[in-house]
There are 2 protein chains.
Amino acid sequence: MNVTLRQLRAFTGVYRTRSITRAARELGITQSATSLLIQQLEVQLGVKLFDRSTRSVHPTLAADEAFHAAERMLSDALGLTRRMHDLAQARAGRVAFVASAGAASALLPQILAKFRAGHPEIDIDMRDVAADDLVPRLIATDAEFAIGSVEGEFAEMTIETLTRGRLSAIGRRTADFAARRSLTWDELAQLPTIAMRRETRIRMQIDQALGAQGKHLAPTYEVTLINTALAMTAQGLGLAILPATMLPADQFPTLIARPLVRPAITRPVSLLQRQGQTLSPAAQAFVTTARTMLAERSGRAF
Amino acid sequence: MNVTLRQLRAFTGVYRTRSITRAARELGITQSATSLLIQQLEVQLGVKLFDRSTRSVHPTLAADEAFHAAERMLSDALGLTRRMHDLAQARAGRVAFVASAGAASALLPQILAKFRAGHPEIDIDMRDVAADDLVPRLIATDAEFAIGSVEGEFAEMTIETLTRGRLSAIGRRTADFAARRSLTWDELAQLPTIAMRRETRIRMQIDQALGAQGKHLAPTYEVTLINTALAMTAQGLGLAILPATMLPADQFPTLIARPLVRPAITRPVSLLQRQGQTLSPAAQAFVTTARTMLAERSGRAF
DNA sequence: TGACATTCATAGGTAAAGCTCATGAATTGA
DNA sequence: TCAATTCATGAGCTTTACCTATGAATGTCA
C-alpha cells in the first residue's frame, strides 16, 4: 500500500488540533478510525509522527516537517476538484474555435456578447479564417469546433446545420422595398445590384444554382469584401446580393434583407466538430448559446 | 468520497501512455481496475477526462489541466515518503541538544566527529551552556536532549548515566607519574596542584566529598577554566584535579590522568531527555554513538 | 471484405480495507 | 479517591477494491 489522502487529512487534523478525538469530529469519523489512520501513516512513512500518551498527543519533529507537505497536497487536491468543477460548470476555461470570415463578422459578434455576459470567466479564442481554411484549421489546431458555411461531408467530422441563410437582396428600408416579401432573380435583373466577385464561395454557389436554371447574374458592381458591398448598399448604389445572415443589423440599421426566390438559394451555417471528441464544458456552453440564438433567428423572416 | 492518490496515479498513467491497458500494466493492476479508477475520478471531478472509444483513449482539455496538478501531488507524495524515510534512517535531519561546557569541550568533539562521519547529512546544533543552565535550556528550547553532569532528579525528565568520570590527578607523562595506578588525596597534599575555583560545580563536589571525610583540599593554584588548568599542567606547574573525562587526549598528548582515591569521587556524565518524548531518529543515532563511545571509554582505566 | 486481434466497459464474486461499537487502560482534575 | 476524558485495541459489519470472465467495438491484415 501507499500513503493516502485520507491519512493525510487525519494527520493534519490531529496535528492542528493536537487531539485525535477532536480531529475525528472534524473529519466526521470516529476516534478509533482516526487513531488507525495515524498509525497507518506512521507505518507508511516509517516515522513516529506523534508522541502519544493515553491522554495527549504531541507532534514530533518529523510531523512538523510532514505537516507542510501534507497541507500542500491537500490544498492541491481541493484546488484540483474546485478547478475541475468550475470547468464542468463552464465557470472557467477557454473556448478555441474557428469561424469563417462571414460568420465571424455578421453572426458571431452577438453570440459572443451574449456568451460573455453569461460566462465572464471564460477565455474565448476565435480564429477567423477564409472559408476554404475552415476545415483544415479545425483539423490542424487545437480549436474544438468550427462555425461557417461548408458543403458536403468530411471524414471524422460531425456537421450540424445551425441555421440557413437565404440568399437575399439587401437594400435600404424604402417604403417600396420594405413592402416586398421577396424578390425573384428576374426582377433583380432590372435593378442595380452589388454582388461578390466570381472567385468567392458565395458567388460561385449563386452562379451554379442560377446556371442550373438557365439563368445568369449580371451585377452592376462586383466586390471582394462583404462590408464593402453593404457600405455601398447603404449609400444607395444598389441592392446587395448576400445571405441574410451576413447583414449585421446593428452595424447597418438602415438596411433590410428580402429573400430572393425562383430559385431560392440557401447557404447553411454549420457547426463542425471532430468526431468522437467531446467538447469542453465551456465549448458546450458556447455552442448551446450559438444554437439557441441562431434558432431564434431562423424563426424570423429574412 | 473524495479524490484518492490511487485515482491520480491511474490518471497520470493513462494520460501519459494514452492507453488504459498500458497504464494498468505500469500500475501492476488489471485493465478493468484502471478503467474503474478513471471513471471514479471523472465522477469526483465532475469532468470527462478522456474521450474513449473501445479502441482508443484521448485526453480532454480538462485532463491537460488536471495532469499537472496530479503530477505535482504524486511527486509531493513521493517526496514526503522519501524524506520521512531518510529521517527515519537518520540519513537526514537535525539534532539539537544542550551540552554542558565541560562535556562540550572534552567529550563531545570526538563523538561529533564520529557521528558526522557516519551521518554526513545531519545538521548538528549543539548549544554549550554552563552546568546550571543545562536543564533549564533543555526545558525551554527545542533541544531534544542534554548531555552533562547533573545530580538528583528532575520532574518530567529521564536521566541516564552514560559514563562516570573519576576525579583524577592529571599530570605530565613522567616515568614516575606514569608508573602510578592511582593517587590518594593525602599524597596529593604534598604536591603542587591546580584546582577549579570554589564557585565551580566540580570544586563544590570535591569540597563536599572531602569534607565528609574530614579532609580538605588546599590547591596551589585555582582557576576558572578547565583549559587553563590543563595548560598550566602541561607546563609542569602542578597536577590538575579534574574528572578524567575532561582531558582531551588529542589536545594535550603529554598529559595523563590517574584516579584519586580515598575517597574515590566520581561525577556522572548523563543524558537527559524529556519524559514521554521520543527522540528523532537523528537524535537517536547520535545518542547511540555517544553511548557506545562513552561505554568504551569507561572500560579503559583513567 | 471477412477473420483476427486488440482495446475498453461491465458484471459477478471474493478478498481486503475501513469504519463503528464496545471495552480497557492511563491520566487529569475535582 | 472518583469521575471524566482520552487514546488504543479487538470484534464484527459494511463498503470498497480488485480480479476474472465476458461482451462490444474497432482497427488490421490477408
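Filtering the stretch A:1-17 down to residues that are within 13 Å of chain B (Cβ to nearest Cβ) and not aliphatic (A, V, I, L, M), which residue is farthest from DNA strand C (Cβ to nearest atom)? Among them, the one singled out is A:Thr12. Is one or more of the residues making up the stretch A:40-52 in the same structural domain as A:Gly13 (by TED's automatic domain parsing), in a helix (DSSP H, G or I) and open to solvent by less than 20 Å² (accessible area, probe 1.4 Å)? Among the residues of the stretch A:40-52, at least one is in the same structural domain as A:Gly13 (by TED's automatic domain parsing), in a helix (DSSP H, G or I) and open to solvent by less than 20 Å² (accessible area, probe 1.4 Å), which makes the answer yes. What are the residues in the stretch A:243-300 that are within 14 Å of another protein chain (Cβ to nearest Cβ), open to solvent by 60 Å² or more (accessible area, probe 1.4 Å) and small (Gly, Ala, Ser), if any? Of everything in the stretch A:243-300, just one residue is within 14 Å of another protein chain (Cβ to nearest Cβ), open to solvent by 60 Å² or more (accessible area, probe 1.4 Å) and small (Gly, Ala, Ser), namely A:Gly276. Of the listed requirements (1) in a helix (DSSP H, G or I); (2) surrounded by fewer than 17 Cβ atoms within 10 Å (Cβ to Cβ); (3) of a type outside the set (A, V, I, L, M), B:Glu199 misses just one: (1). Checked against (1) without any contact (Cβ under 8 Å) to a residue 40 or more places away in the chain; (2) more than 14 Å from DNA strand D (Cβ to nearest atom); (3) surrounded by fewer than 17 Cβ atoms within 10 Å (Cβ to Cβ); (4) within 25 Å of A:Arg91 (Cβ to Cβ), B:Gly79 meets all criteria but (4). Among the helices (runs of 4 or more DSSP H) confined to the stretch B:54-143, the ones with at least 1 residues that are under 30 Å from A:Asp142 (Cα atoms) are located at B:61-88. Count of the stretch B:82-106 residues, restricted to those that are buried (at least 18 other Cβ atoms within 10 Å of the Cβ), farther than 30 Å from B:Leu242 by Cα and either in contact with a strand residue (DSSP E or B) (Cβ under 6 Å, 6 or more places away or on another chain) or at the interface with chain A (Cβ under 8 Å from one of its Cβ atoms) (or both), is 5. How many of the residues in the stretch B:40-76 are away from DNA strand D (no atom under 16 Å from the Cβ) and among the hydroxyl-bearing types (Ser, Thr, Tyr)? Matching residues across the stretch B:40-76 total 2.
For the list (1) without any contact (Cβ under 8 Å) to a residue 60 or more places away in the chain; (2) open to solvent by less than 10 Å² (accessible area, probe 1.4 Å); (3) at the interface with chain A (Cβ under 10 Å from one of its Cβ atoms), I need the number of the one condition that B:Met73 fails. Here B:Met73 clears every test but (1). Residue selection: B:Asp64 fails the criterion of being out of contact with any helix residue (DSSP H, G or I) (no Cβ under 9 Å at 6 or more places or on another chain), at the interface with chain A (Cβ under 10 Å from one of its Cβ atoms), under 27 Å from A:Arg91 (Cβ atoms) and of a type outside the set (S, T, N, Q).
Selection of the stretch B:53-69 for residues being buried (at least 21 other Cβ atoms within 10 Å of the Cβ) and aliphatic (A, V, I, L, M) yields B:Val57, B:Leu61, B:Ala62, B:Ala63, B:Ala66. Taking the stretch A:4-39 as the range and being outside any helix (DSSP H, G or I), more than 8 Å from DNA strand D (Cβ to nearest atom) and buried (at least 16 other Cβ atoms within 10 Å of the Cβ) as the test, the residues that pass are A:Thr4, A:Ile29. Would you be able to say whether some residue in the stretch A:47-65 is within 16 Å of DNA strand C (Cβ to nearest atom) and among the β-branched types (Val, Ile, Thr)? Checking the stretch A:47-65: at least one residue is within 16 Å of DNA strand C (Cβ to nearest atom) and among the β-branched types (Val, Ile, Thr). Every condition in (1) among the basic types (Lys, Arg); (2) under 30 Å from A:Thr161 (Cβ atoms); (3) more than 42 Å from the chain's Cα centre (by Cα) holds for A:Arg116 except the one numbered (3). All conditions in (1) within 12 Å of another protein chain (Cβ to nearest Cβ); (2) farther than 30 Å from A:Leu162 by Cβ hold for A:Gln39, with the sole exception of (1).
The values are calculated or read from the model by the stated rules, or taken from the named source; none is laboratory data. Here the structure is a predicted model, which is why all the values come from computation and not from measurement. Using ideal geometry, Cβ is built from the backbone for each residue, glycine included, and neighbour counts are taken over all protein chains shown. Just the protein is used for accessible areas: all its heavy atoms, side chains included, with ligands, DNA and RNA removed. Shrake-Rupley method; radii C 1.70, N 1.55, O 1.52, S 1.80 Å.
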